[in-house]
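Student: Before anything else, here's the structure in question.
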């Protein structure tokens, strides 16, 4: 599960900003606090980028940018297909005990577009509706004779969290349908000091530099 979440985050970060260097990916993902909820640390980010290259999901370009050498990454066609697969699976698959993949996918929801996001979130809602039925609402031990009372309360907590997600999900879907939540690039403008503006400028420069070079070589480190 953790490895899949890391791969989804890395593929998504590259897809968002490609061509993008390893430090920029690290900074972006750490700003999402992935070290707190996805067990992703800076070392695993660089290692994971090398894994994407080794597996043919990304290409690495070694460029000289001014006075420094940088490794810049782009997804292959296979990488984009794998990202689409992982993103879709993470949205529609309900695991009430571990929502890390869904949290990762939800952060990349604009990449699906409004219509596709609605379709997949509606699918998740149906699955979540079915899942919450399995969890007891109250603490009547006589209805669950094979479950210790403290464990029954634990199951109630899992159920309460699942029902809270369902309530939240209903609100997200309603806001998407009404247009109150806009996933397009016009829905939010980052502030002037947002690092994304510099990443956009770097991306344009990297594209020009890559266009002047031979095809990228594979490598497994930054």
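Student: Take the Cα of residue 156, step 7 Å along the line toward its Cβ, and report every residue of the range 120-136 whose backbone nitrogen sits under 12 Å from that point.
Tutor: Only 136 pass the distance filter.
Student: What angle, in degrees between 0 and 90 and rounded to the nearest 10, separates the Cα long axis of helix 149-178 from the longest principal axis of the Cα atoms of the chain?
Tutor: Computed tilt is about 60 degrees.
Student: By how many degrees, 0 to 90 and rounded to 10, does the Cα axis of helix 22-31 deviate from the longest principal axis of the chain?
Tutor: 30
Student: To the nearest 0.05, how large is the calculated FRET efficiency for residue 54 and residue 96 if R₀ is 45 Å and r is the Cβ-Cβ distance? Walk me through the intermediate numbers first.
Tutor: Values: r = 34 Å, r/R0 = 0.75.
With R0 = 45 Å, the Cβ-Cβ based efficiency is 0.85.
Student: Rounded to the nearest 10 degrees, what's the angle between the helix 2-17 long axis and the longest principal axis of the chain, both from Cα atoms, 0 to 90?
Tutor: 50
Student: Tell me the label only: which of (i) 72, 38, 31; (ii) 62, 32, 24; (iii) 64, 40, 34 is Cα extents along the principal axes in Å as calculated from this structure?
Tutor: Answer label, from the structure shown: (i).
Student: A follow-up question, please. Compute a Gaussian network model of the chain, connecting alpha carbons closer than 10 Å, and tell me which residue from 110, 136, 191 fluctuates the most.
Tutor: Residue with maximal mean-square fluctuation among 110, 136, 191: 191.
Student: Calculated from DSSP H runs of 4 or more alone, at -39500 (n - 2.57) each and per residue, what is the 222 nm mean residue ellipticity of the chain, nearest 500? Don't skip to the end; give the middle numbers.
Tutor: On the way: 9 runs with 132 residues, N = 222.
The helix contribution divided over the chain gives -19500 deg cm²/dmol.
Student: A further question on this structure: Return 73, 23, 46, 206 ranked ascending by Cβ neighbour count within 10 Å, so the fewest neighbours appear first.
Tutor: On the way: 73 28, 23 14, 46 18, 206 23.
Sorted ascending by nearby Cβ count, the order is 23, 46, 206, 73.
Student: Testing the spin-label approximation: label points 7 Å from Cα along Cα→Cβ at residue 198 and residue 175. State their distance in nm.
Tutor: In this crude spin-label approximation the distance works out to 3.0 nm.
Student: Which residue, 18, 82, 119, has the most motion in a Gaussian network model of the chain that connects Cα atoms within less than 10 Å?
Tutor: 119
Student: Still on this structure, please answer the following. Could you identify which residue out of 68, 126, 180 has the top mean-square fluctuation in a GNM of the chain using Cα springs shorter than 10 Å?
Tutor: Most flexible of the set in this elastic network: 68.
Student: Can you pull the one-decimal nm distance between simple spin-label points at residue 130 and residue 208, each 7 Å off the Cα toward Cβ?
Tutor: Inter-label distance under the simple model: 5.4 nm.
Student: Using R₀ = 45 Å, calculate the FRET efficiency as 1/(1 + (r/R₀)^6) where r is the Cβ-Cβ separation of residue 88 and residue 67; round to 0.05.
Tutor: Details: r = 42 Å, r/R0 = 0.94.
Using R0 = 45 Å, I get an efficiency of 0.60.
Each value in this text was obtained by applying a stated rule to the coordinates, not by laboratory testing. From a predicted model like this one, the values you see are computed outputs, not experimental measurements. Reconstructed Cβ throughout: ideal geometry from the backbone, glycine too, with neighbour counts over all protein chains shown.
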